[in-house]
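Below is one structure, written out as structure tokens, with a few remarks after it.
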Amino acid sequence: MIQTLHPERIAPPMGPYSHGIVCSGPGRWLHIAGQIGVTAEGVLQDGFEAQARQAWDNLCAVLQAAGMDVSHLVKVTSFVVDATHLPLLGPVRSGFLGAARPASTLLVVQALAKPGWLYEVEATAFRPDTE
């Protein structure tokens, strides 16, 4: 079972995410390594929005390979190298998440592992055995 937490003692989420997620019962965990805006052919997409879409597409491919989808995401961490790109990220992220509201963290960092990488996303998912 996956349960979202929104305690009344703290401000509501400032976006499409949950403050906490409780996973209980038997199930499978999936830890997804950081995904970047590189296609299956190894081509880095041009520009922030294209890289973000590709990174989320890659993340969804890993979920699918594990027999999961975005509804199974319990934690997402995003890394952005330029805060001016934040307005572009919301619509991309929402387009992939739909109604899913995983716990989320967003970091603005000085750089990613390679020059030209503008966005990276990693995640953890849980699929209860009852599905």
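Descriptive notes on the structure:
- Size of electric dipole in the chain: Cβ of Lys, Arg +1 and of Asp, Glu -1, about Cα centre, debye, nearest 20: 300 debye
- Base-10 log of normalised Debye intensity for region 56-125 (one unit scatterer per alpha-carbon) at q = 0.15, 0.16, 0.18, 0.20 Å⁻¹: -0.49, -0.56, -0.70, -0.85
- The chain: projected area of the alpha-carbon convex hull, averaged over directions, in nm²: 8.4 nm²
- Mean Cβ neighbour count within 10 Å, used as a protection proxy, ranking 28-35, 122-129 highest first: 122-129, 28-35
- For the chain, calculated [θ]222 nm from helices alone, where every DSSP H run of n ≥ 4 adds -39500 (n - 2.57): -7500 deg cm²/dmol
- For region 55-67, 3J(HN,Hα) per residue [Karplus equation, 6.51 cos²θ - 1.76 cosθ + 1.60, θ = phi - 60°, Hz, x = Gly/Pro]: 4, 5, 4, 5, 4, 5, 5, 5, 4, 4, 4, 8, x
- Long-range amide H partners of GLN35 with built H, under 5 Å: VAL121, GLU122
A short reminder: the numbers here are calculations on the coordinates, not readings from a lab. What you are looking at is a predicted structure, and each value in this text was computed from that prediction instead of being measured. Heads up, the Cβs are rebuilt from the backbone with ideal geometry, glycines too, and the neighbour counts pull from every protein chain shown.
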